[in-house]
1. Within region 257-279, can you find the residues that are touching a helix residue (DSSP H, G or I) at 6+ places or on another chain (Cβ under 7 Å) and more than 21 Å from Asp146 (Cβ to Cβ)?
2. Only one of Val140, Val147, Val133 is open to solvent by 50 Å² or more (accessible area, probe 1.4 Å) and touching a residue at least 60 places away in the same chain (Cβ under 8 Å). Can you tell me which?
3. Name the residue, out of Gly243, Gly222, Gly235, that is more than 26 Å from Asn305 (Cβ to Cβ) and touching a residue at least 12 places away in the same chain (Cβ under 8 Å).
4. Scan region 150-173 and give yes if some residue there is assigned to a strand (DSSP E or B), open to solvent by 50 Å² or more (accessible area, probe 1.4 Å) and polar (S, T, N, Q), otherwise no.
5. Out of (1) modelled with pLDDT of 95 or more; (2) part of a loop (DSSP other than H, G, I, E, B), the odd one out for Ala33 is which?
6. Do any strands (runs of 3 or more DSSP E) entirely within region 183-247 hold 3 or more residues that are open to solvent by 20 Å² or more (accessible area, probe 1.4 Å), closer than 27 Å to Ala80 by Cα and modelled with pLDDT of 95 or more, and if so, which?
7. Check whether at least one residue in region 305-312 is in contact with a strand residue (DSSP E or B) (Cβ under 7 Å, 6 or more places away or on another chain) and more than 25 Å from Val43 (Cα to Cα), and report yes or no.
8. Step by step: first the residues of region 73-105, then only those that are polar (S, T, N, Q) and open to solvent by 30 Å² or more (accessible area, probe 1.4 Å), then the one that is nearest to Gln333 (Cα to Cα). Which residue is that?
Amino acid sequence: MNALLRRGLAYGLFAAAALGLALWLTAHQPVRAAAEGVERLEVSASPIRQFRLGVAGTRFGPLEFVGGLELSSASRDFGALSSFRFLTPGGDFVGVADTGFWFFGTIARDADGRPTGIENFRMQQMFDRAGRVSDRKWEVDAESLDVRDGVATVGFERDHRIARFKLDPDDMKPAIGEVDFLIPKRELRQNRGFETVAHAPLDSRQQGALVIVSEKSLDKQGNIFAAVVEGPEKGIFTVKRLGEFDVTDGAFLPGGDLLLLERSFSMATGVKMRLRRIAGETIAKGAVADGPVLFEADMGYQIDNMEGLDVWTRADGALVVSIISDDNHSILQRNLYLEFVLHDEPHEQASDG
């Protein structure tokens, strides 16, 4: 085991403890208050050229690593990035931070299409359910996001709700409405709410319906509460929980399968991330949705607290998966942006071994 890998694994165990502490702290602190309106930030980016520490290869099962960035800013509001969606393929994006902020920006790229930095980055405080800028985290703990037809749909936890906002990157307003999420509130754990909101493809079994998945609100069988909130398959379903991984985001693939981003951490094994492909035909009222693991990584890879995911199609037709991390505003964690091509091949697990 080379020195770089040893340092990475040691950092992983340390980061697991840091992540646990950071998650507890963010649950018990107010939102960072900023001036109302749009705040423009300078974001620095350091390139990540090797995804696996000490290994030059780019192929990890069905995933091919394109490139990545470690992001930082002098602004105290930057960080806690929970979910995002591209508004243009691999370019302009919108996201939500769990400290109650919208964020917007553009991925800069080199001549070969690899990510090189973040341009035109802005943040704006979100409004709470009452239409006010709030400094209380439980009112604006945004964890998930999807965008369709100029409307941003956001999942909040603690004050559990699915709210819709008219998308205006220059001046976001209060919500224009809320969605009935079907799952009884008594089944939702305070800090384990809606980590995935995603519209299915129009030509899928769900016919474009909004699908929501909780992080770790479990039924009596230990499966994860989820729902199709509209359309022909409307109703509650669950996602089979595999091991100690919790859902942190999800996005639909063009064929109708749901790609889930999952995370685990412990003092014994450190922080891990996992990508899992949920078969679209298993997403239906009363069903237990399931699907194979595509890839799993520990701290021998360039990962952190991976929280946000999007899927988009490159100009050459390649299907791309982009993932971001949430640093919980901790100096012990990192804000990362990672990018992979997802190859169409048999769905066999790629492990961290």
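The values are calculated or read from the model by the stated rules, or taken from the named source; none is laboratory data. Computed from a predicted model, the values in this text were never measured in an experiment. Using ideal geometry, Cβ is built from the backbone for each residue, glycine included, and neighbour counts are taken over all protein chains shown. Note: accessible area is taken over every heavy atom of the protein model, side chains too, but ligands, DNA and RNA are not part of it. Shrake-Rupley method; radii C 1.70, N 1.55, O 1.52, S 1.80 Å.
1. Here is the first cut: in region 257-279, the residues touching a helix residue (DSSP H, G or I) at 6+ places or on another chain (Cβ under 7 Å) are 257-258, 265-267, 270-271.
Within region 257-279, Phe265, Ser266, Met267, Gly270, Val271 qualify.
2. Details: Val140 fails: open to solvent by 50 Å² or more (accessible area, probe 1.4 Å); Val147 fails: open to solvent by 50 Å² or more (accessible area, probe 1.4 Å).
The match here is Val133.
3. Working: Gly243 fails: more than 26 Å from Asn305 (Cβ to Cβ); Gly222 fails: more than 26 Å from Asn305 (Cβ to Cβ).
Every option except Gly235 fails the conditions.
4. Here is the first cut: in region 150-173, the residues assigned to a strand (DSSP E or B) are 151-156, 161-166.
Next cut, open to solvent by 50 Å² or more (accessible area, probe 1.4 Å) only: 164, 166.
Adding the requirement that they be polar (S, T, N, Q) leaves none.
No, because not a single residue in region 150-173 is assigned to a strand (DSSP E or B), open to solvent by 50 Å² or more (accessible area, probe 1.4 Å) and polar (S, T, N, Q).
5. (1)
6. Working: elements: 194-199, 210-218, 224-228, 235-239.
Passing ranges: none, list empty.
7. Restricting attention to region 305-312, the residues satisfying the condition of being in contact with a strand residue (DSSP E or B) (Cβ under 7 Å, 6 or more places away or on another chain) are 305-312.
If we keep only those that are more than 25 Å from Val43 (Cα to Cα) too, we end up with none.
No, every residue in region 305-312 fails to be in contact with a strand residue (DSSP E or B) (Cβ under 7 Å, 6 or more places away or on another chain) and more than 25 Å from Val43 (Cα to Cα).
8. Narrowing region 73-105 to residues polar (S, T, N, Q): 73, 75, 82-83, 88, 99.
Among the residues that remain, those that are also open to solvent by 30 Å² or more (accessible area, probe 1.4 Å) are: 73, 88.
On the way: Ser73: 14, Thr88: 29 Å.
If we take residues in region 73-105 being polar (S, T, N, Q) and open to solvent by 30 Å² or more (accessible area, probe 1.4 Å), then Ser73 is nearest to Gln333 (Cα to Cα).
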